[in-house]
Amino acid sequence: RRRITKRPEISKYIAELYSGFSMARNAADIYIPIIKEIESYKNLETKVDIGCGPGMLGFFLNEPTIGVDINLDMVLEGKKLYPRNKLCVGSMSNLPLDDRMADLVVCSLAYQMNEPKKGRAKALQEMARILKRYGYAIITIPGNYMNENDEAKFGMITYDYGFYLIDHQKQVGKSQLDIFLLRKTHTPITNRIYNLKWQGDPGRNKNAKV
């Protein structure tokens, strides 16, 4: 948010170019087949794109989705790029969406941008809140952003927040991304806000064990 306020001209420029970024396309090449596979046996009627940029989930799927992004320039650009999407400005840690309204949540190349001490945990809680029972969440992050301890802790915390970790693949596709596939299977067992600081965060000791 500070970067957007400080350099609004850069924000608009990036928004205009975003749909052409190779990493965004490479991420879609990973999560779109997963979505299609799930839809072969389960109807995913309402799809939500969190940290959507200019609405990339709907753009790559070529179907209307709901998108939330903190950057107004991204939302405005998205309304031109794929007008069928329903995009709005909002934070991942406080989504402007109703409880249990989504069958699928995708957060691609944005989750790691959350503030580690509170923001990442709150974003997970928000995903669980808006998902229907047995809904799915797909999260992609840059490869090697977590070490093994980070990954283990993340898996435990997702369970605490109501998810079952179905799959975790590392360094997938042309951009070598990590991807997590979660399913909301139970009521969250805690409201605790965990610190989710990871190996790839600025200032993090790369050999940290906790």
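Observations on the structure shown:
- Scanning the stretch 170-192 for residues that are under 14 Å from Leu124 (Cα atoms) and aliphatic (A, V, I, L, M) yields Leu181, Leu182, Ile189.
- Any chance Met146 is in contact (Cβ under 8 Å) with a residue 40 or more places away in the chain and either more than 22 Å from Met101 (Cα to Cα) or in a strand (DSSP E or B) (or both): yes
- Among the residues of the stretch 120-138, those that are open to solvent by less than 10 Å² (accessible area, probe 1.4 Å) and either of a type outside the set (Lys, Arg) or touching a strand residue (DSSP E or B) at 6+ places or on another chain (Cβ under 7 Å) (or both) comprise Ala121, Ala123, Leu124, Met127, Ala128, Ile130, Leu131, Gly135, Tyr136, Ala137, Ile138.
- Some residue of the stretch 112-123 being of a type in the set (A, V, I, L, M) and at pLDDT below 95: yes
- Extreme residue, nearest to the chain's Cα centre (by Cα), among residues of the stretch 82-116 that are over 26 Å from Thr185 (Cβ atoms) and open to solvent by 30 Å² or more (accessible area, probe 1.4 Å): Met113
- Restricting the stretch 55-76 to residues that are in contact with a Lys or Arg (Cβ under 8 Å, 6 or more places away or on another chain) and at pLDDT below 95 leaves a set whose member that is most open to solvent (accessible area, probe 1.4 Å) is Ile70.
- Top-ranked residue in the stretch 143-182 [being open to solvent by 40 Å² or more (accessible area, probe 1.4 Å) and of a type in the set (A, V, I, L, M); ranked as nearest to Ile30 (Cα to Cα)]: Ile166
The values are calculated or read from the model by the stated rules, or taken from the named source; none is laboratory data. Please read these numbers as outputs of a predicted model, since none were measured by experiment. All Cβ positions, even for glycine, are placed from backbone atoms using ideal geometry, and neighbour counts span all protein chains on display. Note: areas computed on protein heavy atoms with side chains; ligands, DNA, RNA excluded. Shrake-Rupley method; radii C 1.70, N 1.55, O 1.52, S 1.80 Å.
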